[in-house]
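Handing you this structure, nothing more for now.
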Amino acid sequence: MKRSFPTRTLRIALSLCVMLTAAPVFSTTIPRAARPQYDDPYADFRNARYSNAGLLSERDEIKLGTQLHREITKRFRLTDSGLDRVERIGQHCAKASLRPALLYKFHVIQSREINGFSLPGGHVYVTTALVKLANDSELASVLAHEVGHIVARHSLKTLKESQDYDEIAKSLGELTGVAGNLARDLGVALGRMVGEGFLVVHTRDEEREADFLGVRAVSRAGFDPQGMITMFQKLRRIEEQDSSLLGTLFSDHPDAQERIDNTKYEIARMRRGRVKLPGD
Ligand SMILES: [Zn+2]
């Protein structure tokens, strides 16, 4: 069934991924023995292969990203503050991702909200508040998680389910520049999507997959993967103190414990696989 934007929206202007958007997939109160099939929380993703097959081509995905980024710049104030650091750490994580050939662009949004999200075509956004909050390995974990959404083409899959997919795909295919009626009409449709947060709202499974891809990429990039755990802990502490700083998505799904547990599981597993981790 095709999704319509308004039913999916809900959420505000800067509706975000911020890593902590997903509720537990299974309750941590269930005894371990009762759920042996879940011993590996990332079992579904270990052998996944990623491509644009069945989705927009990479070329059209990049065009889509360019158009969406224009809409973002209309709605949010981008800043150079902290950008060098975000770019340096982000590019390391992107190169260590399962989609290293794509050209990634990292952006900083001026905002007191702690947030991050990504869009198709390699655009990753974090807010000034998040950049200030996070040390390098924590920032790496957020950026690698966002890159993970791009690797797994989550927004492209969401777009494919939208009512406007055929029209958008056709427009992108015909689009040769950023001017003209076609670009303008497309801009209106995409602007609506950005405003509604349509492409940055992910399912729980998608969040889990981005966590999985993220923790492995930060390790390969040379950052301490424990940063993902301490980032979750920091966000949880802030949620308890002043949840308005985390935006509505976070307050919908405040429980970070399972994601911390899953991250610990994966770090232990990487260690068992004799992968020497940064921080060891
Ligand atoms: Zn996410």
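For labels at residue 176 and residue 157 in the simple 7 Å Cα→Cβ model, what's the distance in nm?
Result: 3.6 nm between the two label points.
Oh, and also: If I model a spin label at residue 233 and residue 261 as a point 7 Å from the Cα along the Cα→Cβ vector, what separation in nanometres do I get?
Distance between label points: 1.8 nm.
Something else about it: Of 125, 104, how do they rank once you tally other Cβ atoms within 10 Å and put the fewest first?
Result, fewest neighbours first: 104, 125.
List the lysines whose alpha-carbon lies under 20 Å from that of residue 170, not counting same-chain residues fewer than 8 positions away?
Candidates past the 8-residue exclusion: 2, 63, 157, 160.
While we're looking at this one, here's another question. Starting at the first residue of segment 74-80, write each ³J(HN,Hα) from the Karplus equation 6.51 cos²θ - 1.76 cosθ + 1.60 with θ = phi - 60°, in whole Hz, x for Gly and Pro.
Karplus-based 3J(HN,Hα) across segment 74-80 equals 6, 9, 10, 8, 7, 9, 7 Hz.
Also: Please list, in order along segment 234-243, the HN-Hα scalar couplings obtained from phi with the Karplus expression 6.51 cos²θ - 1.76 cosθ + 1.60 (θ = phi - 60°), rounded to whole Hz, x for Gly and Pro.
Each residue's phi maps through the Karplus curve to give 4, 5, 5, 4, 5, 4, 5, 7, 7, 5 Hz.
Continuing with this model, one more query. Given the peptides 216-228, 159-171, arrange them by the average over their residues of other C-beta atoms within 10 Å, most packed first. Please list the in-between numbers first.
On the way: 216-228: 24.2, 159-171: 16.4.
Those peptides, ordered most packed to least, come out 216-228, 159-171.
Non-local amide H neighbours of residue 105 (under 5 Å, H modeled in plane, Pro and chain starts lacking H): which ones?
It is 123, 124, by chain and number.
Please give the FRET efficiency for residue 40 paired with residue 184, using the beta carbon to beta carbon distance and R0 = 45 Å, rounded to the nearest 0.05.
0.40
Give a residue-ordered list of calculated ³J(HN,Hα) values for segment 198-212 (Karplus: 6.51 cos²θ - 1.76 cosθ + 1.60, θ = phi - 60°; whole Hz; x for Gly, Pro).
Couplings: 4, 8, 10, 8, 10, 6, 4, 5, 5, 5, 4, 5, 5, 4, 4 Hz.
Throughout, read-outs are computed from the coordinates displayed, never taken from laboratory work. Nothing here was measured: the structure is a model prediction, and the numbers come from that model. Positions of Cβ are backbone-derived with ideal geometry, glycine not excepted, and every protein chain shown enters the neighbour counts.
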